[in-house]
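Student: Sharing a structure here in structure tokens format.
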Amino acid sequence: MKNIINLISGKPQEIRAVMLGLDNSGKTKILQQWKQSEVVQTNPTIGFNFETIQTQRQNVSIWDVGGEIKQRNLWSYHTVGTNILIFVIDSTERDYNRVQQTKAELLQLLQSEALNKKPFLILFNKSDLPNSMSKEEILEEYQISLGMNSQIMQKKHKVNVIKYSAMNYQNIEQVFDWIRSVSKFQPQYMQ
């Protein structure tokens, strides 16, 4: 009910998002780009980064959690109470072992009962680079091989896949339009 009142009154909606993905996928660069509206040099994340992105209708608080192997076991702690999960994948990554790790981590999150019914935004970052995967390659490599029957998955989660570039803002409007569309009736995490 509070979300409807906030939408009517014009008060910004509070959204909590968690950004996950393997190390070097570009999570921190994306977060800093969204916050500062410019591309900045970043270092590997140890622990997590936190920023609130203010738009006209939303305050989106985003936790960017480190993606190195030793940090991934902490992901579940950061997903508690989240409204939206953003999973970032390096679209230039073609190393078999890294692709398999990415698929395994994503599938584990998608199958998590704790995240049932949570919207998932899957960003294929670095799409500005010439060696990035095409949309067809992405769908074949990640969606089909994950066994993601889209009808079954859409019943469990609202899932969207967007090719993105943290360097040139490719599809940034599509990202925030999707966040806005799925978060209209998500429970508030801040009072």
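No lab work stands behind these numbers, since they all come straight from the coordinates. Please read all numbers here as calculations on a predicted model, not as lab measurements. Quick reminder, even Gly has a Cβ in these numbers, built from the backbone with ideal geometry, and neighbours come from all protein chains shown.
Student: Tally Lys and Arg at +1 and Asp and Glu at -1 over the other residues with C-beta under 10 Å from the C-beta of residue 118: what net charge comes out? If you can, show how the numbers build up before the last one.
Tutor: On the way: positive: 117, 156, 158; negative: none.
Summing Lys and Arg as +1 and Asp and Glu as -1 gives +3.
Student: A 24 angstrom limit on the alpha carbon distance is what I want to check against. Which of 29/135; 29/163; 103/163; 35/156 exceed it?
Tutor: Numbers: 29/135 22 Å; 29/163 15 Å; 103/163 17 Å; 35/156 30 Å.
Where the Cα-Cα span goes over 24 Å, the pairs concerned are 35/156.
Student: So, with +1 on the Cβ of K and R and -1 on the Cβ of D and E, and no other charges, what is the size of the charge dipole of the stretch 2-183 about its Cα centre, to the nearest 20 debye?
Tutor: Numbers: 21 positive and 18 negative charges, 144 e Å.
So the magnitude is around 700 debye.
Student: How much of the DSSP beta bridge set in the stretch 2-183 is antiparallel, as a percent to the nearest 5? Don't skip to the end; give the middle numbers.
Tutor: Numbers: 7 of 29 bridges.
Looking only at bridges with both residues in the stretch 2-183, the antiparallel portion is about 25 percent.
Student: Could you name the aspartates and glutamates in cross-link range of residue 126, using Cα to Cα under 19 Å and dropping any fewer than eight places away on the same chain?
Tutor: Partners found: 23, 38, 64, 68, 90, 93, 95, 136, 137, 140, 141, 173.
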